[in-house]
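These notes concern the structure reproduced below.
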Amino acid sequence: MTTSADVAEAADKRPGEWLDPSTRSRRRSNYGSLILQFALKDFKIRYTHSVLGYTWSVINPVIFFGLYYIVATNFLSVEIPKYPAFLLLSVVMWNFFFEGSSHGVGSLLARADVLSKMVMPREVVVYSALLSAGLTFVINLLVLVVLLWATGTDIQRSVMFFPLMLANLIALTLGVSLLLSPIYVRFHDIGYLWNIVLQVGFWMTPILYSELNVPEKWRWIVWWNPVARILVDSRRSLVYGLYPGTRGVLITTLYSFFILGLGVLVFRRLQAKVADYL
Amino acid sequence: MAKVIEMRDIYKSFQIPHEVHTTLVERVLSIFRPVSYERLEALRGVSVSIDEGEFVGLIGRNGSGKSTLLKLMAGLLVPDSGTCRIRGTMCELLELGLGFNPELTVRENVALYGSILGYPKSELAKRIEGAIDFADLDRFKDVKLKSLSTGMHVRLGFATALQADSDILLLDEILAVGDSEFQGRCLESFEEQKRLRKTIVLVSHDLSQVEKFCDRVILFDKGQVVDSGPPAMIISEYRDLVSESMRSKAAAAD
């Protein structure tokens, strides 16, 4: 015979533990597959009506590389050893930062359709924006490898610093995206502002030119710019076979991961309110 | 009876859209101006608790706070004060469909949104088929969603949500769109959900459906719960409320 207490107990078991509905999204397990799916769908939508489709992600940096190369060597008379490899590496890395951060910063707003109607871990859309920029980045790096091979660049053991620089670049891009995307939802100025920062950043970062072209009294601009720091050390280790200074690498790494940490904190704080403004 | 949703003393307000300062400049300038923007008090001290297996209807005029409450239950919004607690898995279907992407096909949409809703990986394919089948969109499986009608959209949304097989289902105005055949099927599935002792919270303006299906109805007005009880009683109370406000408006016009 079942007593009413048994019934109550059984009923009490089935619904499980009490939880705050705004935290329930984090209990879902298929996190990774969600990020991947969003990134792939993003990708598909982006190239859906184009003939060349995905090839554009290679064509784009290659054309800019060609353009910058012509302008820099013929018009500006930039003289930098191993300039093709120097330039392509810089363009490809900048391109990732540019694409990743601009999509990342706008990702919450771009996905308002889902985020305003369904509960899900909101950082997923930021990660997926970055992942889709990352796919382009990987293909561009393959093009770079071909160029390094074609120009007979001698890869030294210093190349072991390069993965660390890539990690720093990813951390930095992710950090900026997490930091600004929830603010962008509330203040649309962030979009315009970030666009300007990127355009100014392109000229203020030694991409076309070398940090050595920057006069001593302006050099601080380079050292305060995390992307510049990453680029300089990437070129040293990959293109020139030189070891970047340990202290410099340490500062760059701390810098990038500090911004990532800040981004994570700000995102955590602001994400609950995101749906109010979408 | 075990409670599965408990909302206690909930307050929630929004800034009315045209008053929202969307640019930093406006925001900065507003510091120098007397604070003029209004706050819309969507919910003012609402307490609601819902038992396992209950089928509850939320009714009230537009802007009475029922949809806001549903979003708070879903965890999409957080209250200014008060506590929300839920038990068990939950699936929300708010405002016409799930926010499907028009550029993706029917199947891709179900796959993506099914993943968000937590379809288990092992059953993903089966559930996607199940949803498309229920929505009766087999023929349009590989058609982009933008080519489908609004009704089909809603059908697919409901079908996708049902396949999530959650303990609690939150539904906002799903009966308003969709032809009578689909409505019939919805109602059938409501019966099924009831048999499975699932909890359903439904926001609707279709009073006859509410009366037919809900075990209990909660009436909202101006961000507060007016009354809660058996459908017939609460619905007539709602009708009185509406006609009274029309009378007082007419009186004011005279």
Condition set open to solvent by less than 20 Å² (accessible area, probe 1.4 Å) and either free of Cβ contacts under 8 Å to residues at least 24 places away in the same chain or within 14 Å of chain B (Cβ to nearest Cβ) (or both), scope the stretch A:251-278, selection farthest from residue B:74 (Cα to Cα): answer is A:274
If the requirement is being within 14 Å of another protein chain (Cβ to nearest Cβ) and either out of contact with any Lys or Arg (no Cβ under 6 Å at 6 or more places or on another chain) or open to solvent by 10 Å² or more (accessible area, probe 1.4 Å) (or both), which of these qualifies: A:186, A:157? A:186
Over 18 Å from residue A:172 (Cβ atoms) and assigned to a helix (DSSP H, G or I): does that describe residue A:191? yes
Mind listing whichever residues of the stretch A:196-223 are open to solvent by less than 40 Å² (accessible area, probe 1.4 Å) and either part of a helix (DSSP H, G or I) or aromatic (Phe, Trp, Tyr) (or both)? A:198, A:201, A:202, A:211, A:221, A:222
Looking only at residues in the stretch B:143-176 that are of a type in the set (Ser, Thr, Tyr) and not in a helix (DSSP H, G or I), which one is nearest to residue A:16 (Cα to Cα)? B:166
Taking the stretch A:224-250 as the region of interest, how many residues are surrounded by 15 or more Cβ atoms within 10 Å (Cβ to Cβ) and part of a helix (DSSP H, G or I)? 14
Among (1) without any contact (Cβ under 8 Å) to a residue 60 or more places away in the chain; (2) within 12 Å of chain A (Cβ to nearest Cβ); (3) of a type in the set (A, V, I, L, M); (4) closer than 24 Å to residue B:71 by Cβ, there is one condition residue B:131 misses while meeting the rest; what is its number? (2)
Hey, could you check the stretch A:20-44 for residues that are modelled with pLDDT of 85 or more and among the hydrophobic types (A, V, I, L, M, F, W, C) and say which is nearest to residue A:119 (Cα to Cα)? A:34
What's the number of the only condition in (1) closer than 17 Å to residue B:164 by Cβ; (2) touching a residue at least 24 places away in the same chain (Cβ under 8 Å) that residue B:137 fails to meet? (1)
Quickly run through the stretch B:84-102 and pick out the residues that are crowded, with 21+ Cβ neighbours inside 10 Å, within 21 Å of residue A:109 (Cα to Cα) and of a type in the set (D, E, K, R). B:92
Any idea which residue in the stretch B:1-15 is nearest to residue B:225 (Cα to Cα), counting only those that are open to solvent by less than 20 Å² (accessible area, probe 1.4 Å) and facing another protein chain (nearest Cβ under 8 Å)? B:4
Unmet criterion (only one of (1) on the phi < 0 side of the Ramachandran plot; (2) open to solvent by 50 Å² or more (accessible area, probe 1.4 Å)) for residue B:197: (1)
Just give me the residues in the stretch B:103-118 being open to solvent by 10 Å² or more (accessible area, probe 1.4 Å) and within 9 Å of chain A (Cβ to nearest Cβ), in sequence order. B:103, B:108, B:111, B:117, B:118
Would you confirm whether any residue within the stretch B:74-95 is under 26 Å from residue B:149 (Cα atoms), more than 7 Å from chain A (Cβ to nearest Cβ) and at pLDDT below 90? yes
Filtering the stretch B:119-128 for residues that are within 10 Å of another protein chain (Cβ to nearest Cβ) and either more than 22 Å from residue B:139 (Cα to Cα) or surrounded by 22 or more Cβ atoms within 10 Å (Cβ to Cβ) (or both) leaves a count of 3
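The values are calculated or read from the model by the stated rules, or taken from the named source; none is laboratory data. Predicted model only: the values in this text are computed from it and were never measured. Note: ideal-geometry Cβ built from the backbone for every residue, glycine included; neighbour counts use all protein chains shown. For accessibility, only protein heavy atoms count, side chains too; no ligands or nucleic acids. Shrake-Rupley method; radii C 1.70, N 1.55, O 1.52, S 1.80 Å.
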